[in-house]
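As structure tokens, the structure follows; a few thoughts come after it.
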DNA sequence: CTGAAAGCGCTTACAG
DNA sequence: CTGAAAGCGCTTACAG
């Protein structure tokens with residue numbers, strides 16, 4: 001790779017002049033400039049971002065930490081992050097934790113040591129201390145989807161309303177025995193969805209019926225097993241709310257196997273839609289999440305934090321977006 | 001952030017000694033070492049990878065360029081890449097091109113200028129020249145899934161066999177009018193699957209029936225529209241081969257809407273399975289792709305290329321894996 | 001308008 | 001066993 005020095009030699013000027021010409025950072029005589037451009041082109045010069053980064057203290061890179069990508073909303077969110085990052089001149093480093101706190105710690109350790117100017121994270125909630133340390137050391141963080149630390153900025157969805165509105169929607173459809181498939185309640189989104197579900201049940205005088213099991217929460221099997229559990233708990237069950245689409249697929253499949261017709265005998269809705277709902281044999285009603293937008297907003301928020309001079313510290317920002325109820329055949 | 005200098009000052013030694021102690025790169029007196037470790041710990045020292053990178057000419061980062069992540073096999077592949085990268089001490093930078101050649105060029109330009117030690121790419125096939133330039137400049141490249149350039153190493157699937165074997169499998173099931181939903185034939189995987197399909201048809205004396213339309217190829221709608229087209233072309237159609245799962249979902253849905261029963265009246269198989277096939281109301285038979293493994297292998301191949309000294313140039317390597325037929329209800 | 005010099009934070013021959 | 005020095009490739013005050 002050609003360096004600044006090579007270009008300078010070929011153009012018969014000092015490296016500093018080359019730098020100024022190429023970055024348009026101060027006036028350079030047109031003739032000199034032309035010579036420099038020609039030399040740079042001839043050598044196929046590309047500045048070494050590593051050196052620029054070291055010098056300027058910015059590497060124009062953000063780290064993204066997510067629990068998983070495959071068959072999860074995070075793949076769409078990541079696309080939103082990356083697209084916005086590219087627009088703003090930032091590269092996107094990705095780490096997948098499988099929701100393992102140790103892996104998460106490992107990822108954060110690497111990111112903090114000069115890999116990234118800032119971090120977007122959907123955290124397990126087990127490394128709050130590390131996160132606060134990193135922020136204190138000057139690397140801004142934005143929480144995405146999961147708001148586990150109240151003192152770190154975040155972009156989330158109004159999960160309480162999702163749970164709440166889903167119950168009322170099903171009630172209007174005539175359902176009176178509404179089950180919930182949720183997930184680990186130490187994760188904010190699951191907790192909040194359940195809160196919304198419970199409060200709506202109280203308003204309507206209905207009884208709670210929650211499914212839980214020990215399988216990985218973001219899975220087909222989790223939805224499947226919980227559905228069977230909900231059915232055992234209450235044979236007159238007439239509606240199932242799944243926390244995420246993939247659980248919803250499991251619920252639909254379980255109903256099919258039990259010869260329960262959807263939506264006649266059972267209505268199914270997912271609280272985290274990511275388009276797959278519309279692609280099924282019996283398409284699935286869901287609260288659609290503006291995933292791409294959320295990713296973009298998180299990236300914008302983070303870049304703002306990165307580029308704001310240290311002096312004028314900003315306050316926390318907690319952005320809460322809303323899901324959109326998209327009615328399909330399953331209700 | 002504390003620097004080497006800070007640690008050196010606190011431990012009353014030279015920075016070089018600190019570096020040697022922390023990296024275990026040569027013998028340091030135990031007492032000195034202890035003092036240095038204590039100092040590093042007290043200051044919460046983390047080495048600046050940017051500086052290490054500049055000094056050593058390695059940033060331990062690879063760039064991954066993919067057309068999309070959401071609802072595509074690439075999200076699973078990326079997880080495989082990232083996991084293996086983490087194991088080998090490499091960070092993963094991701095770029096999503098949406099199969100737009102200009103975006104792809106932009107991503108490559110950034111990656112080549114010091115962002116990455118190597119590149120894994122599922123390319124559009126439109127920037128072959130740029131790819132060869134990058135390789136020539138010393139940044140190794142591995143093609144993944146799509147082998148568009150014969151002179152650049154690759155990890156792919158045996159797409160020809162996928163197409164070929166699917167036809168024979170369906171023939172055995174009694175199908176005689178087998179349609180294919182494919183994609184842009186300038187992309188190697190689609191082209192090869194079609195070649196396999198056609199050769200099997202010739203062997204069996206069957207007639208070709210291919211669907212194509214102008215929608216984005218990796219989509220539900222593409223599968224849906226092509227299915228309707230195939231049905232118009234040949235009303236006695238009794239099997240559909242979809243290039244990817246998501247097209248298969250479209251095909252199943254189209255059949256449902258036309259009151260065609262699966263598998264009694266129509267058998268459906270996907271040539272790029274990524275687990276979602278098993279989660280449907282009518283589960284879908286598919287050629288399952290070892291996506292996670294392919295990602296890991298590509299990362300390993302790339303790291304080997306990166307870490308092999310310039311002197312002993314290696315030959316090209318084209319790794320071709322096989323898919324596994326997973327039979328489910330749709331056939 | 002341009003050059004010479006210092007320095008970002010590290011590593012690594014070279015001495016001693 | 002440890003220090004002093006050079007240098008990775010850049011940018012940016014400081015002179016002139």
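No value in this document is a laboratory result; all are computed from the given coordinates. Please read these numbers as outputs of a predicted model, since none were measured by experiment. Neighbour counts are summed over all protein chains in view; Cβ atoms, including those assigned to glycine, are modelled from backbone coordinates with ideal geometry.
If you take the square roots of the eigenvalues of the alpha-carbon gyration tensor of the protein assembly as shown and sort them as a ≥ b ≥ c, do you get rounded (a/c under 1.5), prolate (a/b over b/c) or oblate?
oblate
Beyond 19 Å, what percent of the Cα pairs of region A:1-146 remain? Don't jump to the answer; show the numbers that get you there.
Numbers: 6406 of 10585 pairs.
More than 19 Å apart: 61 percent of the Cα pairs in region A:1-146.
Would you calculate, for chain B, the mean residue ellipticity at 222 nm contributed by helices, counting each DSSP H stretch of 4 or more residues as -39,500 (n - 2.57) and dividing by all residues, to the nearest 500?
-14000 deg cm²/dmol
Neighbour counts of other C-beta atoms within 10 Å: give me B:274, A:177 arranged from fewest to most.
Ascending number of Cβ neighbours within 10 Å: A:177, B:274.
Percent relative contact order of region B:4-47, based on C-alpha pairs within less than 8 angstrom and at least six residues apart?
41
If you rank A:156, A:124 by fewest surrounding Cβ atoms within 10 Å, what's the result?
Listed from fewest to most nearby Cβ atoms, that is A:156, A:124.
When only Cα pairs under 8 Å and 6 or more residues apart are kept, what is the percent relative contact order across chain B?
For chain B, the relative contact order is 16 percent.
Over the Cα atoms of region B:4-47, what Rg and Dmax result, in angstrom?
Cα only, region B:4-47: 8.8, 23 Å (Rg, Dmax).
Over chain B, with a Gaussian network built from C-alpha contacts below 10 Å, which listed residue (B:169, B:220, B:74) shows the highest mean-square fluctuation?
Most flexible of the set in this elastic network: B:169.
Does chain A come out rounded, prolate or oblate by the C-alpha gyration tensor, with a ≥ b ≥ c the root eigenvalues, rounded set by a/c under 1.5 and, if not, prolate when a/b is larger than b/c and oblate if not?
prolate
What is the P(r) of region B:216-331, as percent of Cα-Cα pairs per 10 Å bin from 0?
Values per bin, smallest distances first: 14, 36, 22, 14, 10, 4, 0.
Per-residue mean of other chain beta-carbon atoms within 10 angstrom of the beta-carbon, peptide B:39-52?
Average per residue, whole number: 4.
Output the peptides A:19-25, A:4-10, A:231-237, B:110-116 sorted from most to least packed, where packing is the average of other Cβ atoms within 10 Å over each peptide's residues.
B:110-116, A:4-10, A:19-25, A:231-237
Just to confirm the numbers: residue A:322, label point 7 angstrom along the Cα-Cβ line, distances to the other copies in nm, shortest first?
Going from nearest to farthest copy, the values are 5.5 nm.
For region B:109-176 and region B:255-331, what is the separation of their C-alpha centers, rounded to whole Å?
Value for the Cα centre distance between the two parts: 14 Å.
If we count other beta carbons within 10 Å of each Cβ, what is the order of A:14, B:158, fewest first? Display every interim value, and only then the final one.
Working: A:14 12, B:158 16.
Result, fewest neighbours first: A:14, B:158.
Relative contact order, percent, of region B:184-331 when contacts are C-alpha pairs under 8 Å separated by at least 6 residues?
Relative contact order for region B:184-331 comes out at 18 percent.
Just checking the output field for B:77-86: average partner chain Cβ neighbours within 10 Å of each residue's Cβ?
4
How crowded by other chains is A:301-309, given as the mean number of beta carbons from other chains within 10 Å of each beta carbon?
0
What are the semi-axes of the equivalent ellipsoid of region B:159-288, taken as the square roots of 5 times the eigenvalues of the Cα gyration tensor, listed largest first and rounded to whole Å?
Its equivalent ellipsoid spans semi-axes of 18, 17, 15 Å.
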